[in-house]
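The values are calculated or read from the model by the stated rules, or taken from the named source; none is laboratory data. Predicted, not measured: the structure shown is a model, and the values here were computed from it. Cβ coordinates were reconstructed from backbone atoms using ideal geometry, including for glycine residues, and neighbour counts include every protein chain displayed. Just the protein is used for accessible areas: all its heavy atoms, side chains included, with ligands, DNA and RNA removed. Shrake-Rupley method; radii C 1.70, N 1.55, O 1.52, S 1.80 Å.
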Amino acid sequence: MEVTHRAFALCALGLEKVLSNEIERLGLKTAGRAPGRVWFEADPKGLFRANLCLRTAERVLVEAASFKAADFDALFDSSKKVAWEQFFAKEDKLVIERVRIRDSQLDAQTSVQSVVHKAIYERLGEVYALDHLPETGKERSVRVYLEENECLIGLDLSGDALHKRGYRKSTVEAPLKETIAAACLFLAGWNRRIPLLDPFCGSGTILIEAALLGAEMAPGLTRSFAMETMPFADEASFEAERAAARARVRTDVELSLSGSDIDESALAAARANAELAGVAQLIDFDHIRAEKLEPEAPMGYIITDPPYGNRLGTEDEALDLYKRLGEMAPRYKGWGLGFVTNRQDFGTSFGRRAIAEHKILNGAEEQWFHWYAPGYEDKEARPLLVPETKDEAGEAEHAPKVRKGGPRRDKSGGDRPARPSYGDKPPRPIYGDRPSRPSYGDKPPRPSYGDRPPRPSYGDKPPRPSYGDRPPRPSYGDRPPRPSYGDRPRFEKERPPRREAYRPGGDRPSGDRPRPSYGDRPSGDRPRPSYGDRPTGDRPRPSYGDRPSDDRPRPSYGDRPSGDRPRPSYGDRPSGDRLRPSYGDRPSGDRPRPSYGDRPSGDRPRPSYGDRPSGDRPRPSYGDRPSGDRPRPSYGDRPSGDRPRPSYGDRPSGDRPRPSYGDRPSGDRPRPSYGDRPRTDRPPRRDGPRPPRPPRRED
């Protein structure tokens with residue numbers, strides 16, 4: 001069973017959707033995409049097919065590991081756990097080609113590179129039992145991506161970049177990359193039934209890619225890939241995929257592909273490259289200027305890569321060329337026009353803004369594909385962008401950003417007036433033309449400290465009187481002494497009103513001393529006495545023991561009168577009010593029968609079995625009885641008419657024993673215990689002396 005690997009293909013930024021659609025057309029399952037990357041799942045055969053047939057991918061990498069790495073220990077341990085032996089032979093050489101780090105705690109690229117390199121080599125050394133790997137075999141390239149502490153390690157399966165098809169041996173200055181040329185064909189929606197013209201063909205990249213696409217020729221048929229020499233490679237299945245790709249090539253297809261250029265060397269390179277690609281018979285090259293071309297069909301596509309003005313010519317020449325292309329466009333009415341440039345404001349020089357503008361980041365180079373779909377002349381033109389200008393030093397002066405969808409409209413529905421450009425604003429006055437500010441010397445001098453009127457010093461103030469000049473305050477010894485509490489006159493008649501403030505003291509007269517303690521005040525002037533001392537009408541209800549019988553709760557059992565309290569304990573009750581005395585203390589006629597040994601012979605129970613006379617003793621044991629006197633046989637052996645009566649629950653109601661005491665009717669149950677009997681059922685009281693105890697019976 002084939003093992004399914006998770007892999008991802010790299011592409012230029014902005015082409016992720018194009019690449020994703022291309023992977024799905026190969027019958028592979030996509031698993032997500034990120035800037036510059038598209039994930040998919042495939043077995044080794046599918047991975048080889050992706051390398052062989054993808055036109056817009058730069059590389060195909062297998063996802064060897066993906067884990068969280070917040071520190072170097074986690075990075076090393078997780079990298080070492082990967083089964084690198086399925087991708088590396090023992091003589092292969094490992095190269096950490098690239099490390100990309102973003103928003104992670106580990107931010108040193110060289111350190112991350114060395115840790116991953118060491119972890120992989122330790123794993124391979126343990127598997128192959130080698131202390132040192134020879135590194136004499138194939139070179140294996142690994143890329144490490146560390147984003148937000150998530151580490152992704154990818155192993156390159158392509159080898160050389162996939163844009164190197166193998167046919168462009170002859171080149172010119174500033175050629176267009178093959179993957180970008182193929183992407184422009186996909187973005188324009190070109191197919192082999194549509195005529196294609198490239199008036200700036202250069203080395204013929206766009207036309208050759210169109211010929212490969214129209215003939216359904218896989219771009220990797222003439223090259224090899226790194227995965228073909230890895231341990232997990234299945235050479236037979238790879239060769240089968242290559243044979244299937246060759247079988248799909250259309251040799252009978254008819255294409256209308258035309259290219260022109262004013263440089264003969266560029267045309268020679270284009271013809272040589274087309275010959276190496278095997279599509280020379282499908283492309284016509286002509287030496288002619290673009291402005292002199294005429295359409296050979298009522299409809300078709302122009303897809304071209306005109307000079308940018310960086311490596312070919314100057315920027316002014318490029319802008320002038322874009323203007324001439326705009327003047328040439330009306331001749332190709334009904335055609336679709338596509339231009340690859342390095343400027344977003346290409347439409348400003350061309351005279352009309354494109355319907356679609358695709359931004360492509362090809363490494364460090366920013367490119368724009370401006371696409372004018374067929375019939376664009378009949379559609380509403382988009383507002384033009386303000387072009388960039390440069391100052392005398394050659395530095396770009398960027399115009400303000402243009403709002404997407406055009407300028408804002410005012411409430412009346414019309415366009416706002418254009419903002420004045422920097423050149424239209426009145427120049428700001430230079431420093432020399434401004435009116436000079438008054439210097440410090442022209443200002444009137446501030447008065448110096450010596451010219452100000454002096455502030456009065458402390459010596460000019462009138463002196464404050466010293467302590468010795470003040471009249472002395474009377475000392476305590478000169479004041480008349482206040483009388484002590486015991487010497488103050490006491491009020492004999494009417495007491496003056498009481499002071500509000502309280503001053504302690506016990507010897508003051510009644511009008512000048514604090515109120516006496518509660519216990520010493522007269523009844524009309526003191527607080528209410530304690531509960532026990534108040535009269536009955538002025539105090540709260542006394543405690544239970546002190547209340548009179550009609551105003552207090554019932555006293556405790558021991559303190560209540562006999563008519564109001566529960567009956568005392570048995571030993572404490574008077575003889576007429578207490579229960580029957582204990583057995584030993586009752587008179588003989590009122591107490592229970594004495595113990596068996598103490599009862600008289602006529603009143604005690606029968607003696608024990610061994611002591612009874614023969615006529616009074618119980619019947620002998622079963623085995624010793626005579627046959628006519630022995631007990632009846634066991635239940636199972638007795639005849640039905642002689643067996644014992646059934647158990648209590650099974651007997652009929654008229655034959656069963658009497659019920660337990662609690663279940664008997666009141667007239668049939670034994671007398672209740674002493675504490676539970678009603679008073680009317682108790683034995684009569686005995687007031688007289690206890691009768692003498694009868695003599696003990698002796699047998």
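Can you name the condition, by its number, that Gln344 falls short on among (1) farther than 19 Å from Glu357 by Cβ; (2) in a loop (DSSP other than H, G, I, E, B); (3) of a type outside the set (D, E, K, R); (4) at pLDDT 90 or above?
The number of the failed condition is (1).
Return the residues of the range 296-314 that are open to solvent by 20 Å² or more (accessible area, probe 1.4 Å) and without any contact (Cβ under 8 Å) to a residue 60 or more places away in the chain; say none if nothing qualifies.
Pro298, Gly313, Thr314
Check off (1) of a type outside the set (Phe, Trp, Tyr); (2) free of Cβ contacts under 8 Å to residues at least 24 places away in the same chain; (3) open to solvent by less than 70 Å² (accessible area, probe 1.4 Å) for Asp73 and give me the number that stays unchecked.
(3)
Do you know which of the residues in the range 297-333 that are part of a loop (DSSP other than H, G, I, E, B) and aliphatic (A, V, I, L, M) is modelled with the lowest pLDDT?
Leu312
Report, by residue number, each residue of the range 83-112 that is surrounded by 18 or more Cβ atoms within 10 Å (Cβ to Cβ), over 25 Å from Cys11 (Cα atoms) and touching a helix residue (DSSP H, G or I) at 6+ places or on another chain (Cβ under 8 Å).
Across the range 83-112, the qualifying residues are Trp84, Phe88, Leu106.
Could you give me the residue pairs with C-beta distances under 9 Å whose first residue belongs to the range 192-204 and is modelled with pLDDT of 95 or more and acidic (Asp, Glu), whose second residue is open to solvent by less than 10 Å² (accessible area, probe 1.4 Å) and assigned to a loop (DSSP other than H, G, I, E, B) wherever it lies, and which are 6+ apart or on separate chains?
Asp198/Gly204
Read through the list (1) surrounded by fewer than 24 Cβ atoms within 10 Å (Cβ to Cβ); (2) of a type outside the set (Phe, Trp, Tyr); (3) closer than 20 Å to Ala7 by Cβ, then give the number of the only condition that Gly154 fails.
(1)
Of all the residues that make up the range 58-70, how many are more than 20 Å from Asp160 (Cα to Cα) and either open to solvent by less than 50 Å² (accessible area, probe 1.4 Å) or acidic (Asp, Glu) (or both)?
The number of residues fulfilling the criteria is 4.
List every residue pair whose Cβ atoms sit under 6 Å apart, with the two residues 6 or more apart in sequence or on different chains, where the first one lies in the range 258-276 and is farther than 13 Å from Arg289 by Cα and the second, anywhere, is among the hydroxyl-bearing types (Ser, Thr, Tyr) and buried (at least 22 other Cβ atoms within 10 Å of the Cβ).
Matching pairs, first to second residue: Ala269/Ser203; Ala270/Ser203; Asn273/Tyr167; Asn273/Ser203; Leu276/Tyr167.
Mind checking which residues of the range 218-236 are surrounded by 17 or more Cβ atoms within 10 Å (Cβ to Cβ), within 13 Å of Pro44 (Cα to Cα) and of a type in the set (A, V, I, L, M)?
Ala226, Met227, Met230, Ala233
Report yes if Ala215 is farther than 30 Å from Arg143 by Cβ, in contact with a strand residue (DSSP E or B) (Cβ under 8 Å, 6 or more places away or on another chain), in contact (Cβ under 8 Å) with a residue 12 or more places away in the chain and aliphatic (A, V, I, L, M), otherwise no.
Considered against the rule, which asks whether it is farther than 30 Å from Arg143 by Cβ, in contact with a strand residue (DSSP E or B) (Cβ under 8 Å, 6 or more places away or on another chain), in contact (Cβ under 8 Å) with a residue 12 or more places away in the chain and aliphatic (A, V, I, L, M), Ala215 comes out as no.
Of all residues in the range 59-82, count the ones that are out of contact with any helix residue (DSSP H, G or I) (no Cβ under 7 Å at 6 or more places or on another chain) and part of a helix (DSSP H, G or I).
Residues in the range 59-82 being out of contact with any helix residue (DSSP H, G or I) (no Cβ under 7 Å at 6 or more places or on another chain) and part of a helix (DSSP H, G or I): 4 in total.
Somewhere in the range 159-178, is a residue within 30 Å of Thr251 (Cβ to Cβ), acidic (Asp, Glu) and surrounded by 20 or more Cβ atoms within 10 Å (Cβ to Cβ)?
Yes: the range 159-178 contains one or more residues that are within 30 Å of Thr251 (Cβ to Cβ), acidic (Asp, Glu) and surrounded by 20 or more Cβ atoms within 10 Å (Cβ to Cβ).
All but one of (1) more than 45 Å from the chain's Cα centre (by Cα); (2) touching a residue at least 40 places away in the same chain (Cβ under 8 Å) hold for Cys184, so report the exception by its number.
(1)
Specify the residue that is farthest from the chain's Cα centre (by Cα); the eligible residues are those in the range 283-295 that are exposed (fewer than 13 other Cβ atoms within 10 Å of the Cβ) and either part of a helix (DSSP H, G or I) or of a type in the set (Lys, Arg) (or both).
Lys292
When the range 254-272 is examined, which residues are found to be loosely packed, with under 14 Cβ neighbours inside 10 Å and either modelled with pLDDT of 95 or more or part of a loop (DSSP other than H, G, I, E, B) (or both)?
Glu254, Ile262
Which residue out of Gly46, Gly32 is outside any loop (DSSP other than H, G, I, E, B) and free of Cβ contacts under 8 Å to residues at least 12 places away in the same chain?
Only one candidate passes the filter, namely Gly32.
If Glu239 satisfies every condition in (1) more than 52 Å from the chain's Cα centre (by Cα); (2) open to solvent by 60 Å² or more (accessible area, probe 1.4 Å) but one, which is the exception?
Answer for Glu239: the failing condition is (1).
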